[in-house]
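Here is the structure we will look at.
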Amino acid sequence: MTDEEKKLSEDNKTNSNQYSSKQILLVEDDDFLGELLEKKLSNSNLMVSRVKSGGEAFSFLKNNQASLIVLDIVLPQMDGYEILSKLKSDEDIKDIPVIFLSNLGQRYNIEKGESLGAEEFLVKSEVSLDEIVLKIKKVLDKFSL
Amino acid sequence: MKKNHEKNSPTFQIILSFLSLYIAIMLALFPTEIVNDIWVQWSLITVLFLIVFMFQFYVLNEKVKSEREYNKKLEKVVKEQEESAKLLIRRDTELTQANIRLKELDKTKSEFVSVAAHQLRTPLVGVKWGLDSVLDNESDHLTDKQKKILENIKKSNDIMIRLVADLLKSESMEIGAQKMRRDQVDVKNLVEDAVSYLVGRAKEKNINISVENISLPDIFIDPERIREVFQNLLENSINYTPEGGEVLVGFERNEDSVTIKITDTGIGIPEDRHNEVFSKFFRSDGAIKMETQGTGLGLFVSKGIVEKHNGKIWFESTKGLGTKFYVQLPIEVAK
């Protein structure tokens, strides 16, 4: 954990309620990983809803607000890149920040994600659950300014 | 080859020119006093002209023959060149197709490696996050022994994750999928970044890391990849240096390159293993005895990265006395 992340972690422990109204949409098709993420985000005072595909994500967004989307890439039917492209082309939802969370970690994967407009690209095997929460809160802070 | 028109044939022209000359001379010599008998005159001159004519005809005929032979040879050469050109075009097409197939194969391999890495990582991430979750939420219900076991499982899992990452990098290097950026970089800053990442680990072993203070020109490199190289070399130095040891980073500026030197007071590499150091999965016996956690791929990947920058990497080492690694990087991008 970097010094910045340690500080953010300490700050967040004292300001845990500021994120309780933020709805996180998690798009993850792996049940075990999805459950672990959901549990961690809930325990970090974040509202989280999980879906397993792009189709379910767009259905969710038709009827619900989301402050941030955590998006896997390897997904059934529509991959994460395609989902992000479609998100960005929809006027109503294009401004929702997106964090890619994937096991694809080659440079071209990351560059592609960033070029499509992702705020962050996290490689699952390189981040702990704590680090994921910190990144989410960092992006939420950035977009609430 | 086209046949010459009859009137333009060399033979006809020769005959015509000599006939004209013959008549001119006959007219000129007609009133001569040299030979009185007109028939003798005519006979002598006719024989003379016949001899000259035959000789000229022979010479010109030979010339025409050699020209025809030359033309035939020329035709043959032109034909051979046409055949060669066709062969070159065919070879070029074959090479282009082979190149396309190789690129497709590289792409397939690259995709396979990417998919394989993804598939390997997924269960490893499950273990990683699962352990994070248990240690976070259930630590009150765990005995110290259970926590220790889980921490050890986490460490082993981290090694597996690192091995997959290194394997992926080494495969990407081999199939040329690793593309290097070229940014203008202060290499000393990059070394200091790498050192700051490892200073905690060095402190745990009471190892002092120092970086030479020197002014260097910026160089054009991929900062992420070269930082990886420095991190790998520094990590090796820290891992293979006993407690209380030292790691020194020095620099050398040459006309067209910068050399970064990383020296440690570690266990050194036995001489009989020197030529294996940059091969895949090299780990010296000393490293294994020290129970270091390397995958054996770091130096293989580092060498690949440096060479992709048209740089060089080499080392000097004596068992028991330490190791010095050199990384030389060109200042200008090779054109």
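Bear in mind these aren't lab numbers, they're just calculated from the coordinates by the rules spelled out. These figures come from a predicted structure and were not determined experimentally. Here Cβ is always computed from backbone atoms with ideal geometry, including for glycine, and neighbour counts include all displayed protein chains.
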A:Asp31, B:Asp166 arranged by Cβ crowding within 10 Å, fewest neighbours leading = A:Asp31, B:Asp166
note = In terms of the charge dipole of the stretch A:19-144, which places +1 on Lys and Arg and -1 on Asp and Glu at the beta carbon, the residue among A:Leu36, A:Tyr108, A:Leu134 farthest towards the positive end is A:Leu134
remark   = Cα-only Rg/Rh for the stretch B:183-330 with Kirkwood Rh rounds to 0.94
Hits among aspartates and glutamates - C-alpha to C-alpha of A:Lys52 under 19 Å, sequence gap 8 or more where chains match = A:Glu28, A:Asp29, A:Asp30, A:Asp31, A:Glu35, A:Glu38, A:Asp72, A:Asp79, A:Glu82
remark   = The residues B:Leu142, A:Leu87, A:Leu61, B:Leu87, sorted from fewest to most surrounding Cβ atoms within 10 Å, come out as B:Leu87, B:Leu142, A:Leu61, A:Leu87
ask   = Among all the aspartates and glutamates, which ones have a C-alpha under 17 Å from B:Lys73's C-alpha, if same-chain residues fewer than 8 places away are not counted?
value = B:Glu62, B:Glu82, B:Glu83
message = Over 32 Å between Cα atoms: which of A:Lys137/B:Lys103; B:Lys109/B:Lys155; B:Lys147/B:Lys324; B:Lys169/B:Lys319; B:Lys145/B:Lys280 fall into that group?
response = A:Lys137/B:Lys103; B:Lys147/B:Lys324; B:Lys145/B:Lys280
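May I ask you to sort B:Tyr22, A:Tyr108 by Cβ crowding, counting other Cβ atoms within 10 Å and putting the fewest first?
In order of increasing Cβ crowding within 10 Å: A:Tyr108, B:Tyr22.
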ask   = By a straight-distance test (C-alpha under 16 Å), which aspartates and glutamates pair with B:Lys79 as possible cross-link partners, with residues fewer than eight away in the same chain excluded?
value = B:Glu69
message = For a Förster distance of 51 Å, can you work out the FRET efficiency between the beta-carbons of A:Glu82 and B:Trp314, rounded to the nearest 0.05?
response = 0.65
remark   = Residue by residue through the stretch B:194-208, the couplings from Karplus 6.51 cos²θ - 1.76 cosθ + 1.60 with θ = phi - 60°, in Hz, x for Gly and Pro, are 5, 5, 4, 5, 10, 5, x, 5, 5, 5, 4, 9, 6, 9, 8
